[in-house]
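Read through the structure below, which is laid out as structure tokens, and then see the notes.
A short reminder: the numbers here are calculations on the coordinates, not readings from a lab. None of the values given here were measured: they were computed from a predicted structure. So basically every Cβ, Gly included, is an ideal-geometry build from the backbone, and we count neighbours across all protein chains shown.
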Amino acid sequence: MPELGLLALPLALVVLGLAAAGLDAVLSGGRASAPFGEIARLLVQQRRRTTRPDVLLLRVGVISLVAAPLLAAVVIPLGDAPVADLSAGIVWFNAMEVCVWGALWLTGWSVNSVFPLVGAYRFVAQGLAYELPHMFALITVALGAGSLRMSEAVQAQQGLWFVVWMPLAFLIYLVSALAMAFWGPMSQPVGSDLAGGVRAELAGPDRLLFQAGRYALLVVAAGAAVPLFLGGGAGPVLPGWLWALVKTVAVLALLVWVRHRVPAVRMDRFTQVSWLVLIPLALVQLLVVGIVVV
Amino acid sequence: MAVAFWILAVVSVAAGIAVFVVDSMARATFALLASLLAVGLAFLLIDLEYLGVLIILMMVMEMLVMAVFMIMYMMNPAGLMPMKMVHNHRAAMIISAAVFVLLVAGIFLTSWPPRGGEPPADPTHQLGLAVMGPKMLVMMVIGVAILATMISTVVLATHRGRYARYGDDLERKRPLDPGEES
Amino acid sequence: MVVTGWLLRRAARHPRPFLVSAADGTRARLRCEAEIARRRWRPALSPAEAGLLVVCGAPGDELSEAVRTIWDGLPSPRARADLPGDASHDLVAHALDRAVARLADGAAPGRPHGGPDPGDLPMADRGPDRDGLSLDRLHVPLGPVLPDWPSGLVVETVLQGDVIQEATVRWLEDGEPFWAEPWDRAAAGRPVTRGEAGRRRAAAHLDGLGRLLSVAGWPAAARSARTVRDRLLADAPREALTAPYERLARQVRRSGTLRWMLRGVGPAGDGDALARLEARLTATRAAIGSIADEAPLDEDRPAGNLLNPDLLVGAELATARLMVASLDPGPAVAHA
């Protein structure tokens, strides 16, 4: 099964990423084929050169933006077993998703231009705002499952999905999923007020990798919600992998749709909410789950 | 296994040296991060998954926060003006070489105890018991002490407190942003 | 080569246009935006993202220089369309078709943008920041070419991080005559109805609203505002406008996030950005309500907002952009 997963995983990421990009294009008034046109365009487009860029760090940043979601995806079960069922799978997922901080900061900093630099700092601020509630949401799942292993988190939801008895943690997870993929309401690091922020100076292959990494992140963030909160592959009639796919698509569609309903949130206002509202809520949820488990 | 260990060890040391060789703060920061990530991956080799992954997680965040502060004080985008990463070059070289030799000598001169017993099935669980079992009280006290230290440091360092933001009687409904006049 | 040609042709079906408008290019810009929306192309946010540069109207010297810099930095394959300020629908469509054809055969490769030699760049100097630290400062001009930015506006800023420490406002161009046209015609003694002026004013409000929503990171709502604006300018009857406008106004008013983000931003004589948004929505509604009015135009054009640079000092870039977009300012020169 893991060997099959090794093939299926990149395929699923590509297909779901393209589907998300297509849905987003249609909701933005474009055509569903727009992502394919954009890929073709970026494949033949020149790179853009800025004054004195740090090319090495730019490459490292853009490539690690693609690598991080791929590595995060290996612990997400496609049905019953993930490609690599690490005993600390949930922490691994968290660690890989934090690597995006580095990737984005490097990308924004190394092109040596003001708007990408500001976008990069915005993402670090965003990271500091969303990461703690996010970690508490993940810890709540681990506490409910009694394990840091993704497959055991799925096992623990055989009777009742975690979303039912830890809804606050699920909501906080969804907010942080938007934040980690800097998507929709959390898209200030690539905001239109900064002419595209971190990616303002990226063209050609650099931009292609950046966009691919971003959509992969969105897919992975949606995909991880399934084993963490939505019972993994559990469901009647259909096989487990298909249920996992259906649930992932549903969460992904929700995340894409939110972008068209909610304006961008600035971190100077969100941080206060995050620390004064979301963290206490996450702690209350953790306490409730802790009491139930004990 | 041994090959992977040696690769990680070489990467770790080489990246560590690179920290002092490169000429920009960003490169130095991320060279240090590469070195620490190699250490984290080495932990995965000895099946300490939790500790290894935790090192990766914490080090990425820490290096990013460090980069923010370093470069905030000195913007120097993309190494526009190359700068040396060491002060007092000669003494730094001598001290670091001496410390390195000392540590390596320590590794080889220590008589390591032979392994007793088998590694546990779930090292993460064992680690949790070791930390939280007999030493629970100590850990909790230290945890609260660290938190109190952090909060008081921030309070002492902050330029604008609660009263500057909310008014002398905390009467404002919305806090003033920095730079806003009351 | 065969593969490259195939990719170029595929890519040319999905160009990413980047529009620059001079003060006299408003009509061409609006027609071009409407045509781009009709073709379902997605506009680019920055020159690096774009493959097609559209210049509307005749820019003055400094704006021309900026356009040249943008064009030099546009990565190839690229195409450029220059539209006269009064370009007709057919001319716009034709120019875009020609640009697409050039993109499809892979227009001459551009010179990769080098930028000035670092020796010429001023080193960042230092100054005290709001928390009492001494930090580097960067001199960054905002505009004249920036998406969702008033045409011809340049704000020269001194930045520490993303906080504006000093700001000066310059206008490269006069006000946009397009928005004042009905009043100018009435002043010249020609017959103009109130409805005509109301239609133009509603379109101007919706144009500004589209910018504000776009800067606020809500492209979907910005698109709705621009759709209503384009219908207004295409002389749609009032009945066909009220329903989509009310839908948009309801959606904007109901957004708690938008209110949260605009409250307290850029307080001026007429309140903060949120109050200005509410005023704009009310004014738009009144203007749309008046477009069937056949009575002759007898009132003066309402004065536009001015941009006070002091307002921007101490603001972060994001709030500064929101302030400018919510004021939708014009140059101080009276247009009478």
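At-a-glance table
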item	result
Dipole moment magnitude, nearest 20 debye, chain A about Cα centre, only Lys, Arg, Asp, Glu C-beta charged	820
Cα convex hull of chain A, projected area averaged across orientations, nm²	15.0
Total charge dipole magnitude, the range A:43-100, about the Cα centre, Cβ charges on Lys, Arg, Asp, Glu only, Debye to nearest 20	640
Other-chain or far-sequence residues with amide H under 5 Å of C:S21's (modelled H)	C:C56
Per-residue HN-Hα couplings for the range B:111-125 [Karplus 6.51, -1.76, 1.60; θ = phi - 60°; Hz; x = Gly/Pro]	8, 5, x, x, 5, x, x, 9, x, x, 5, 10, x, 4, 4
Ordering of B:96-105, C:44-53, A:248-257, A:44-53 by burial proxy (mean other Cβ atoms within 10 Å per residue, highest first)	C:44-53, A:44-53, A:248-257, B:96-105
Within 10 Å of each Cβ in B:57-67, the average number of Cβ atoms from other chains	6
Shielding of B:44-55 by partner chains, average beta-carbon count, 10 Å	4
Fraction of antiparallel bridges per DSSP, chain C only, in percent to nearest 5	65
Packing rank of C:31-38, C:95-102, C:195-202, where each peptide gets the mean count of other beta carbons within 10 Å, highest leading	C:195-202, C:31-38, C:95-102
Between the range A:221-269 and the range A:103-160, the alpha-carbon center distance in angstrom	15
Average other protein chain Cβ within 10 Å of Cβ, residues A:96-108	4
Residue-wise HN-Hα coupling along the range A:262-267, computed from phi with Karplus coefficients 6.51, -1.76, 1.60 (Hz; x: Gly, Pro)	10, x, 6, 9, 8, 5
Cut-off under 5 Å, modelled amide H: who pairs with C:R137 long-range	C:D125, C:R126, C:G127
For the range B:1-79: rounded, prolate or oblate by the Cα gyration tensor [a/c cutoff 1.5]	oblate
Local electrostatic count, B:L64, Cβ distance below 15 Å [Lys/Arg +1, Asp/Glu -1]	-1
Rounded to whole Å, sorted largest first: equivalent-ellipsoid semi-axes of the range C:177-327, Cα gyration tensor	28, 19, 12
Per-residue Cβ neighbour rank within 10 angstrom, fewest leading, C:S214, B:S24	B:S24, C:S214
Leading residue at positive end of dipole, the protein assembly as shown (Cβ point charges), from A:W101, A:G240, A:A137	A:G240
Cα gyration tensor shape for the range A:217-287, rounded if a/c is under 1.5, else prolate or oblate	oblate
Charge sum, other residues only, whose C-beta stays under 12 Å from A:D206's C-beta, Lys/Arg counted +1 and Asp/Glu -1	+4
Burial order of peptide ranges C:176-186, A:121-131, C:246-256, C:315-325 (average beta-carbon count within 10 Å, highest first)	C:315-325, A:121-131, C:176-186, C:246-256
The protein assembly as shown: C-alpha gyration tensor shape, a/c 1.5 cut-off, then a/b vs b/c	prolate
Whole-Hz ³J(HN,Hα) from phi, Karplus 6.51 cos²θ - 1.76 cosθ + 1.60, for the range B:89-96, glycine and proline x	3, 5, 4, 4, 4, 5, 4, 5
Rounded Å value of the spacing that divides the Cα centres of the range B:6-52 and the range B:105-134	23
Listed residue (B:P113, B:M139, A:Q155) projecting farthest to the positive dipole end of the protein assembly as shown, Cβ model	A:Q155
Charge context of B:L129, other residues only, Cβ under 13 angstrom, K/R +1, D/E -1	0
Antiparallel bridge percentage (DSSP; both residues within the protein assembly as shown; nearest 5)	65
log₁₀ of I(q)/I(0) at q = 0.08, 0.10, 0.15 Å⁻¹ - chain C, Debye sum with one point per alpha carbon	-0.42, -0.65, -1.37
Relative pair counts by distance (%), Cα atoms of the range A:116-269, 10 Å bins	11, 36, 32, 17, 4, 0
5 angstrom amide H check on C:L153, placed H, neighbours 5+ away	C:L172
Sorted by Cβ neighbour density within 10 Å, fewest at the top, the residues B:V144, B:V13	B:V144, B:V13
Average Cα contact separation per residue, chain A, under 8 Å, 6 or more apart, as relative contact order %	27
